[in-house]
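Below is one structure, written out as structure tokens; comments come after it.
Nothing in this text is a laboratory measurement; each read-out follows from the coordinates by a stated rule. Treat the numbers as computed from the prediction; the structure is a model and nothing was measured. Cβ coordinates were reconstructed from backbone atoms using ideal geometry, including for glycine residues, and neighbour counts include every protein chain displayed.
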Amino acid sequence: MYRLKYAAGGLVKYVSLLFGAFVALVPIVVVFFASFKTNKEYSGTSPLTPPENWLNFANYSKAFINGKMLLGFGNTIIILVVSIVGATLIGSMIAYVLNRFKFRGNKLLMGAFLLATLIPSVTTQVATFRIINFFHLVDTRFAPILLYLGTDIIAVYIFIQFLNSISESLDESAMLDGASYFTIFWRIILPLLAPAIVTVIIVKGVGVYNDFYTPFLYMPSEDLQVISTALFKFKGPYGSQWEVICAGIMITIVPILIAFLSLQKYIYNGFAQGSVK
Amino acid sequence: MVFKNLSYKAQRKIIIISFSLIPVVLLFTLAYLPVFNMFKYSFTNWNGYSKSFDYVGFDNYKTIFTDPKYFSVFKVSLYYFAASFVQMAIALYFATILSFNVKFKNFFKGVLFFPYLLNGVAIGFIFLFFFRPDGTLDTILRAVGLGDFIQGWLLNPKIINVSLAGAAIWRYMGFNFIIFLGAISSIGKDIYEAAEIDGANRWHQFRHIILPSIKQIVQLNLILAISGAISAFDIPYIMTGGSNGSNTFVIQTVTTAFKYNKLGLASAMAVVLLFIVIIATMLQRLLIKEDK
């Protein structure tokens, strides 16, 4: 009897897992199918039917060239790299100062950084836009870069937490050897922060790659389109050519899929640590 | 090196000032100044570009809470809020089963989490495709004999927010799932073993071991859900542009500010939004403190 109940439990478990996997995958798989279909084939077959020719890349080349996806990838990569390097440097610097030096205003400054994590940046865009505009940075790559550096304080938070677990006796023994504070930061603290840096790279990287709101609002020029705004432009002109839109969608998914498959372990850990405030 | 020869006291001063200068300037100009300005603009009728504007007191706030055009968008948030409970229940369920022995564990884990990594625009398009008349969903429903339930998923104002909230669940479930899974995995194996010896079944283990030890994380995610629900933007904006009754608070704020150039009114809306999020966060801090 007990064994029967156990087997039934196992069945429910696997059925629900398979159903979950089905729901997660089907919306993507049908897009994948459609991306290889010709226009005629697309309108004549059900979305669940696989394409006749798996090597029909016509939609991909159309989407890639007409949608200027290369430009989108280029801009995304520039913004991504500068923001991540900047956020890592700025975040670790301020975290080092706040964690290792006791000075007047330290607590206040720490509070200011923590309080800022509560402000959802989506709410303040109305006023932030005026400030970026004041510096004549609207429609330049500096607008999103500055916003990713200045308003996303999560990196500071992760570094401060991690620094708590790095013993201060390391700093002290380096000082006995005559190392300057700068050397201690650059040679000891920064390398030891490596796991936290990986977390920041992943959390910020996914955030920047997927962000639509900021580039859409701040960089209307076509020359400055990033991957998400490039894809968004497909909506008008290709409204009746879903097979081309589907190819465009797949082009944005493939890099993420490759990154996910090769960095799985780090990605899971990154989100697990980055979110536990 | 000149810096190295300075006394530690002098070095300390230089390091503190030089290392905090850029972060502090960025923090104040891009995080605090906008909040301050937003409050100021919310009491004006500024259009966002002219040189002069008048102070209008609480008029903008009155408009938000009395004009149904602005007030009704709060109702749409309720759909997303309800959806986040569904999302968390699903995430908790899958996290619990995958924390025990399961075949193809990594495959299921990866598949359930992957949608969270996708681009918002890609997800918007994927679901436009999914919900199209005679699209994926309709085809599947027909195939399993549920053809009678077919709706104008994105055309019927009564259904549209359910469809959009469904897409939001699909997108964000993986995030909650991976966080819950991480929390559950950190529970020691010996506790389960001890419980099994005492005759506890899986439900008992869930109820008395798993749930209490991840309670805080569930609470935190619930609070994030409140702010997430009220700041829903990407999916509805990309999929419908806010038409057919799917307008959310943030879409409304953005169009009021940038399309209709009513920056004063839009600022007041943003202030209301900020207050809701802050109250929700403080509520959570209070709840967690009481537990301790």
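For helix A:242-275, report the angle its Cα long axis makes with the longest principal axis of the Cα atoms of chain A; keep it between 0 and 90° and round to the nearest 10°.
Helix A:242-275 and the main axis of chain A meet at about 30 degrees.
Nearest 10 degrees is fine. How inclined is helix A:69-100 to the longest principal axis of chain A, computing both from alpha carbons?
30
Looking at the P(r) of the stretch B:62-291, how many percent of alpha-carbon pairs lie beyond 22 Å? Let's see the in-between values first.
Values: 16143 of 26335 pairs.
For the stretch B:62-291, the fraction of Cα-Cα distances above 22 Å is 61 percent.
Counting chymotrypsin sites (Phe, Trp or Tyr not before Pro) as exposed when in a DSSP loop with at most 12 other beta carbons within 10 Å, what is the longest stretch of chain B free of them? Mind dumping the intermediate values first?
On the way: sites that count: B:49, B:58, B:100, B:260.
The answer is B:101-259.
How far is the Cα center of the stretch B:31-52 from the Cα center of the stretch A:10-89, in Å?
About 41 Å separates the Cα centre of the stretch B:31-52 from the one of the stretch A:10-89.
Taking amide H positions as placed in the peptide plane 1.01 Å from N, state which residues far from residue B:44 in sequence (5 or more) or on other chains have amide H under 5 Å from it.
B:56
For chain A, what is the calculated [θ] at 222 nm in deg cm²/dmol (nearest 500), taking -39500 (n - 2.57) for each run of four or more DSSP H residues and dividing by its residue count?
Numbers: 13 runs with 196 residues, N = 277.
Helix contribution divided over all residues of chain A: -23000 deg cm²/dmol.
Please list, or write none, the lysines whose alpha carbon is within less than 28 Å of the alpha carbon of residue B:215, excluding same-chain residues fewer than 8 places away.
Once the sequence-local lysines are set aside, what remains near residue B:215 is A:13, A:204, A:265, A:277, B:103, B:105, B:109, B:189, B:289, B:292.
In this model, which of B:51/B:262; A:102/B:9; A:235/B:69 are farther than 20 Å apart at the alpha-carbon?
Details: B:51/B:262 14 Å; A:102/B:9 12 Å; A:235/B:69 27 Å.
Pairs exceeding the cut-off: A:235/B:69.
Any chance you could check the Cα centroid distance between the stretch B:155-193 and the stretch B:59-88 for me, in angstrom?
The two parts, judged by their Cα centres, are 23 Å apart.
Roughly speaking, what is the centre-to-centre gap between the stretch A:155-181 and the stretch B:212-256 when only Cα atoms are used, to the nearest Å?
After rounding, the separation between the Cα centres reads 39 Å.
List the DSSP H helices in chain B whose Cα atoms stretch 24 Å or more along the helix axis and whose mean Kyte-Doolittle hydropathy is at least 1.6.
Details: long enough: B:8-27 (28 Å, 1.33); B:73-99 (39 Å, 1.51); B:160-185 (37 Å, 1.36); B:263-291 (42 Å, 1.73).
Taking the DSSP H segments of chain B (at least 24 Å long, mean hydropathy at least 1.6), we get B:263-291.
Rounding to the nearest 10 and keeping the result within 0 to 90°, find how far the Cα-based axis of helix A:121-134 lies from the longest principal axis of chain A.
So the inclination is approximately 70 degrees.
Only sites in a loop by DSSP and with at most 11 other Cβ atoms within 10 Å count here; which trypsin sites (Lys or Arg not before Pro) in the stretch B:134-219 make the cut?
Values: sites: B:142, B:158, B:171, B:189, B:202, B:207, B:215; in loops: B:158.
When the trypsin sites (Lys or Arg not before Pro) of the stretch B:134-219 are filtered for loop state and at most 11 Cβ neighbours within 10 Å, B:158 remain.
For q values of 0.08, 0.11, 0.13, 0.14 Å⁻¹, compute log₁₀ I(q)/I(0) with the Debye formula on a Cα-only model of chain A, without solvent.
Ignoring solvent entirely, the Cα scatterers give -0.50, -0.83, -1.01, -1.09.
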